[in-house]
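Structure first, then comments.
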Amino acid sequence: MGRLDGKRAIVTGAGRGIGKAIAAKLLAEGARLIVCDAVPERMDETAVDLAGLGEIHALAGDITNDAFCQRLVTTAVERLGGLDVLANNAGVATVESFLEISRHNWDRTLAVNLTASFRLGQLAARQMVTQGSGGAIVNMASTNGHAGERGLVAYNVSKAGIILLTKTMAIELAEHNIRVNCVSPGWIWTDLAAEGGLDPEFIAAYLEKIPLRRYGKPEEVANLFAFLASDEASFISGDSVVIDGGQLSEE
Ligand SMILES: NC(=O)c1ccc[n+]([C@@H]2O[C@H](COP(=O)([O-])OP(=O)(O)OC[C@H]3O[C@@H](n4cnc5c(N)ncnc54)[C@H](O)[C@@H]3O)[C@@H](O)[C@H]2O)c1
């Protein structure tokens, strides 16, 4: 028996990294999935790689597009018979100083990381309310939503926004038995980190900030998503659960 047996879920940004690990973990726990990614080749690869774990339907598209968000929810209803869980994982980050970041990069980061989680969260919650059987939404924040980091102004702000989006959704959706939480990872080793334009020396020195002296793994974040999405977390709502090897605990 899996802890998500019978649950119908959407996972965004499941083409690689943490999102792909979340999709694998939810499937392993018995959920049936709609997954999406903006890069079609990644979506195809995920669908093939994870097919053996359970029922998975992959859609390529951009979650900043309202029509695509609606399509995700409609597909969940058509293919899975409804929706119980939303994992709002997809996100982007570019390293640019406050003095140099362009208006375009600011807008794009906020659109993907914050506004799309709001909009897809709203559409998913409306479906859950219509069904009348509750649900769980797990948003992706970051330690950068708790404490700012140089060169990541738009990212920091987007993730801080996710924490208050989560709390507000939790308050307003509680009467429908829909729980909403977010996860705040520290540094998890994925392609996003590798492609972020960071200096290799900075990457190596960063370990000094992490009491466990290693980067996190996508699977460790996926375990937390699965727990928060499951009925085992039935009294947890509005929280931001930090998963950072102790980083935020040390000054
Ligand atoms: N890696 C870390 O250290 C870390 C730490 C804290 C939080 N996070 C957050 O975790 C999430 C996943 O990060 P990751 O490291 O796995 O990144 P990643 O870049 O490896 O994977 C993200 C996936 O999301 C997809 N995506 C991006 N924009 C999209 C859009 N508009 N529509 C649909 N799909 C889109 C990408 O194509 C990619 O496949 C992000 O929200 C990120 O901010 C990551």
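Key figures for this structure:
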read-out	value
Computed [θ] at 222 nm, deg cm²/dmol, the chain (DSSP H ≥ 4; -39,500 (n - 2.57); rounded to nearest 500)	-12500 deg cm²/dmol
Solvent exposure ordering (accessible area, 1.4 Å, most first) of ARG108, ARG32	ARG108, ARG32
Ordering of 141-148, 203-210, 14-21 by burial proxy (mean other Cβ atoms within 10 Å per residue, highest first)	14-21, 141-148, 203-210
Under 5 Å, built H, 5+ apart or other chain: amide partners of LEU86	ILE10, ALA136, ILE137, VAL138
With every protein chain in place, the chain: carbon and sulfur % of accessible area (1.4 Å)	54 percent
0 to 90° range, to nearest 10: angle between helix 66-75 axis and the chain longest Cα axis	40 degrees
Amide H partners (placed H, <5 Å) of GLY186, local residues excluded	THR143, ILE243, ASP244
The chain: angle of helix 153-173 to the longest principal axis, Cα-based, in degrees nearest 10	30 degrees
Over the chain, volume per residue of the alpha carbon convex hull, in Å³	123 Å³
Loop sites in the range 87-187: GluC sites (Glu not before Pro), DSSP, at most 14 other Cβ within 10 Å	GLU100, GLU149
The chain: angle of helix 17-28 to the longest principal axis, Cα-based, in degrees nearest 10	30 degrees
Solvent-accessible surface ranking, highest first, for LEU86, LEU99 at 1.4 angstrom	LEU99, LEU86
About the Cα centre, charge dipole magnitude for the chain (Lys/Arg +1, Asp/Glu -1 at Cβ), debye	480 debye
Per residue solvent-accessible surface (Å²) - the chain, probe of 1.4 Å	46 Å²
Solvent-accessible area of ARG71 with every protein chain in place, 1.4 Å probe, in Å² to the nearest 10	120 Å²
Distant-in-sequence amide H partners of ILE56 (H built 1.01 Å from N, under 5 Å)	LEU33
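The values are calculated or read from the model by the stated rules, or taken from the named source; none is laboratory data. Please read these numbers as outputs of a predicted model, since none were measured by experiment. Because the Cβ atoms are built from the backbone with ideal geometry, glycine has one as well, and the counts that use them run over all protein chains shown. For accessibility, only protein heavy atoms count, side chains too; no ligands or nucleic acids. Shrake-Rupley method; radii C 1.70, N 1.55, O 1.52, S 1.80 Å.
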